[in-house]
Structures are given as structure tokens and as C-alpha cells.
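Undergrad: So that we are looking at the same thing, I have put the structure below in C-alpha cells.
The values are calculated or read from the model by the stated rules, or taken from the named source; none is laboratory data. Fair warning: this is a prediction, and the values are worked out from it, not measured in the lab. As a convention, Cβ positions derive from the backbone with ideal geometry for all residues, glycine included, and neighbour counts pool all protein chains shown.
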Amino acid sequence: MSAFIVLGAQWGDEGKGKMTDYLAESADVVVRFQGGNNAGHTVEVGDKQYKLHLIPSGILYDTKLNVIGNGVVVDPKALFEEIDYLKGVGVDVTPEKLMISDRAQLIMPYHKVLDGIKEKARGKKDIGTTGKGIGPCYTDKMERSGIRVCDLMHKEVFEEKLKDNVDAKNDIITKIYGGDSLDFSAIYNEYLEYAERMRPFVKDISVEVFNNIKAGKKVLFEGAQGTLLDIDYGTYPYVTSSNTIAGGVCTGAGVGPTAITSAVGIAKAYTTRVGKGPFPTELFDETGDWIREKGHEYGVTTGRARRCGWLDLVILKTTARISGLTSFAVTKIDTLAGMEKVKVCTGYKFDGKVIDYVPASLEDLAKCEPIYEEFDGWDKSIEDARSYNDLPENAKIYLKKIEEFTGTKISIVSVGPRRDQTIEVTEI
Ligand code: GDP
Ligand code: IMO
Ligand code: MG
């Protein structure tokens with residue numbers, strides 16, 4: 001019996017899509033438990049590249065069950081666009097392969113409008129959201145006015161809830177922000193079409209996931225975003241609106257903590273961030289530009305250039321603690337090949353002390369000065385390495401430092417975007 005988590009250890013885009021697809025080979029079920037189509041997960045198989053946002057990265061296999069959990073916010077328009085895109089590239093998404101939780105919250109057109117106008121109203125203090133309506137949808141969930149998938153399955157319930165919401169949101173949009181009101185009928189008719197298309201996929205997914213675990217099937221929980229974007233433990237308010245950490249699995253898929261057997265933190269060999277907010281090891285010089293170009297660090301969802309910086313071990317140690325990681329999978333170590341020297345941050349100088357955790361207050365975090373340890377780089381290109389011993393000695397020293405500092409082993413090293421560019425070091 002096993003149920004394991006794959007989650008982002010930094011600010012997202014660590015290679016979760018690649019690692020989920022790779023690890024899904026030995027799994028039976030892949031479950032998304034939080035976030036929505038703000039995620040952009042890239043999977044490369046052979047010479048084909050797939051970009052997934054809402055659908056779990058196990059979908060490229062014919063035989064796996066993929067589950068969208070109750071903790072996910074579902075934009076039906078984006079969902080069907082993704083299903084159609086997958087069909088266009090030869091991947092069929094059928095109700096045998098995909099289940100959607102009846103408890104998941106729906107992203108509605110007014111959530112997307114509110115995401116945009118609220119960001120604009122924040123001016124210089126904008127978060128740099130993906131504009132997909134994620135924050136406003138989770139706001140409604142917590143405020144208890146959200147519309148769930150199960151509501152959409154009942155025409156009258158949906159009609160009433162939509163009426164209440166459109167009235168309330170139009171007041172906010174027009175009276176507070178001076179925007180244009182939305183038309184109830186247009187949304188209603190559009191969503192009724194989605195309802196019929198969605199119906200065969202809708203299930204009580206907690207029951208399905210539980211039964212699969214009980215039957216001895218291997219279940220993989222695929223995280224979106226990363227630890228430092230977590231609503232509680234991230235760099236608030238420059239975060240997303242869900243729990244991206246391991247605890248999110250329990251609430252976002254209806255699974256008890258004792259069912260989870262392991263948690264793998266996906267860590268990029270350096271650090272990136274897209275959107276606003278603090279980033280202690282950010283590089284503003286040509287080294288940062290070099291990493292961005294070599295690592296193709298541009299967003300999958302928004303196309304924005306990602307901010308790049310040195311590997312921050314304080315962040316990885318924090319992730320290991322908060323999510324109880326059993327191992328790390330380190331990705332993009334190949335990108336660093338060719339650098340004469342590489343640095344890692346091993347602590348923050350703060351108020352005359354050295355700390356190895358991320359402080360809650362952004363004002364305190366701004367005062368933190370990263371302490372770096374420098375290592376010799378490796379110039380041999382390593383995308384063809386297929387065993388740990390194929391890696392250059394200096395790359396191994398770099399990896400050892402990660403294990404030593406975080407107290408967490410490295411189970412996988414990824415040396416390229418494709419499935420075959422993966423080195424298994426130990427059990428996950
Ligand atoms: P995710 O959001 O965590 O799934 O990551 P993204 O897909 O947004 O970004 C990771 C990018 O790095 C994608 O373009 C992947 O194809 C690519 N990638 C993943 N692992 C590796 C690796 O080990 N080496 C290289 N060079 N690219 C990788
Ligand atoms: P994956 O799963 C990187 C960031 C946005 C913004 C903040 C809030 O591909 O790693 P939101 O639209 O969620 O309200 O935006 O979170 N963000 C991500 N950054 N990778 C992601 O997903 C992200 N999803 C959201 O850039 O700073
Ligand atoms: Mg991504």
C-alpha cells in the first residue's frame with residue numbers, strides 16, 4: 001500500500017510535471033489536490049512536449065486514473081480547452097481516465113474579472129497573479145458563497161447560487177471598481193453546457209482515492225506551485241491562495257495523514273520565481289540572465305520571464321520540515337553545467353544572528369542577508385548522464401551539500417526535460 005506526494009520545494013516551476021510523469025509510470029492513480037489552471041506543468045516524452053495546467057500529469061499514460069481533488073479550483077472553460085488540446089495531440093481524456101471531485105469549487109467569469117481589477121487596484125503593490133481567478137475563487141470558498149461542481153449538477157441550485165453571486169459581484173465590480181457588469185443569462189447558458197459535458201467525470205473522489213489505497217494501488221499526489229507560495233507558509237501576501245505543502249493533500253483530496261507513505265520535494269538546482277515578492281538569493285546580473293536563457297526560464301502559463309537566483313538551502317530545509325519530506329528530487333542540474341563557480345545559500349544573517357528558517361514578516365525577510373558557500377562548477381555537459389557515477393565529481397559535491405544541510409536524502413537527479421533523462425539514486 002502506498003500513497004506518496006510530489007510537491008514543489010521552492011516558488012513553483014521546479015519540474016513537478018516532469019517528475020510526476022516519470023514517477024507515474026509505477027503509479028496507478030495521480031491526484032491533483034490544490035491550485036487550478038494557474039499551474040503550468042511541462043512533460044516531455046520523446047520529441048513531444050505537453051503543457052498541462054489543470055489535468056494531472058499522469059494523463060499521458062493510457063492506463064492511469066487521474067483525479068482532480070476537492071481542493072482544486074476548476075475553471076470549466078479551461079478544463080475543456082485542455083481536454084480538446086490533449087485530444088488534438090492524440091491524448092484521449094475519458095471518464096475512465098479522469099475524475100473530478102463533486103466538492104471542487106468552480107472558477108466563474110466574475111472571479112477572473114475580479115482577479116484582474118483587484119491587481120490593477122493594488123497598483124505597485126500588485127501580487128503578479130496569473131489572472132486565472134484563483135484568489136477570488138478561494139475567497140468565495142472560505143466566505144461560503146462559492147459554487148461547487150455538485151451545485152452545477154443541479155440546474156435549480158446552480159441557477160439560484162449563480163443569481164446571488166452575479167448580483168453580489170456586479171455590485172463590487174461596478175460600484176467599487178467602476179467596471180462593467182456581467183450578464184447572468186450568458187454565464188448561466190454557458191455553464192449549463194459545461195455541466196452536461198462534465199457530468200460523466202464527476203465523482204466523490206475521496207471515496208475513490210480511499211478505495212484505491214485500500215486495494216493496494218499506488219497513488220501519487222501531484223502538487224502545484226511550491227512551498228514558498230503556500231498561503232500559510234509562503235511569502236505572504238506574495239503567494240497563491242491554497243496550501244501547496246504536504247498537509248494540503250489531506251484536505252484537498254480527503255485523505256488521512258496516516259495513509260501517506262512518502263513525500264518527495266522537487267527542487268531545482270537553482271532558484272526561480274515568477275511574479276512579485278521577496279527572493280533573497282535573486283541575481284540581478286548577467287549570471288541571472290545566463291541561467292534564465294540556458295534554463296529557458298519563461299512561464300508556461302503566462303510566458304513571463306522568471307526571476308533567477310542561487311540555490312537557497314534555507315528554503316529547502318524549510319520545505320523538508322513543513323512537508324516532512326522523505327527525499328528530494330533535484331532537477332535542472334544540467335543547466336548549471338558550464339559555470340566556473342556556483343553558490344548556495346546556507347543561512348540568513350538577521351539581526352546579528354544566523355538563522356536557517358524563513359521568517360514570517362516580509363520586513364524581517366527583507367533584512368535577511370544570504371550567506372553563501374561557493375563551489376567549483378562543472379563544465380562537462382551532463383544531459384546524457386544516466387547513473388549517479390556519470391555525474392562530474394563537483395556536481396556530486398554540490399548534491400551532497402543539499403543532503404547534508406537539509407538532512408534529507410536525494411532520491412532522484414534530473415538532467416534534462418525528458419523521461420529518460422532521469423537518474424534514480426535511492427528509493428523515494
Ligand atoms: P512545474 O511547474 O514544476 O511542472 O515546472 P515547469 O514545467 O513550469 O518548468 C520546468 C521546466 O524545466 C519545463 O520546461 C521542463 O520541461 C524543464 N525541466 C524539467 N526537469 C528538467 C531538467 O532536469 N533539466 C532541464 N534542462 N529541464 C528540465
Ligand atoms: P506551477 O504549478 C510559479 C504565482 C504567480 C503569483 C502568485 C499568485 O507551474 O509551479 P495566483 O494566480 O496563483 O493567484 O498567483 O503565485 N504562481 C506560480 N508561480 N509556478 C506556478 O505554478 C504558479 N502558480 C501561481 O506568479 O506570483
Ligand atoms: Mg510551472
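Undergrad: Within the stretch 264-300, restricting attention to residues that are in contact with an Asp or Glu (Cβ under 7 Å, 6 or more places away or on another chain) and in a strand (DSSP E or B), which residue is surrounded by the fewest Cβ atoms within 10 Å (Cβ to Cβ)?
TA: Going through the qualifying residues, I end up with Thr272.
Undergrad: In the stretch 111-118, is there at least one residue being in a helix (DSSP H, G or I), exposed (fewer than 15 other Cβ atoms within 10 Å of the Cβ), away from ligand 3 (no atom under 16 Å from the Cβ) and not hydrophobic (A, V, I, L, M, F, W, C)?
TA: No, that holds for no residue.
Undergrad: Let me ask something else about it. Go through the stretch 25-83 and give me each residue that's more than 12 Å from ligand 2 (Cβ to nearest atom), outside any loop (DSSP other than H, G, I, E, B) and of a type in the set (Lys, Arg).
TA: Lys48, Lys77
Undergrad: What about Leu52, is it in contact (Cβ under 8 Å) with a residue 12 or more places away in the chain and outside the structural domain of Phe184 (by TED's automatic domain parsing)?
TA: Criteria met by Leu52.
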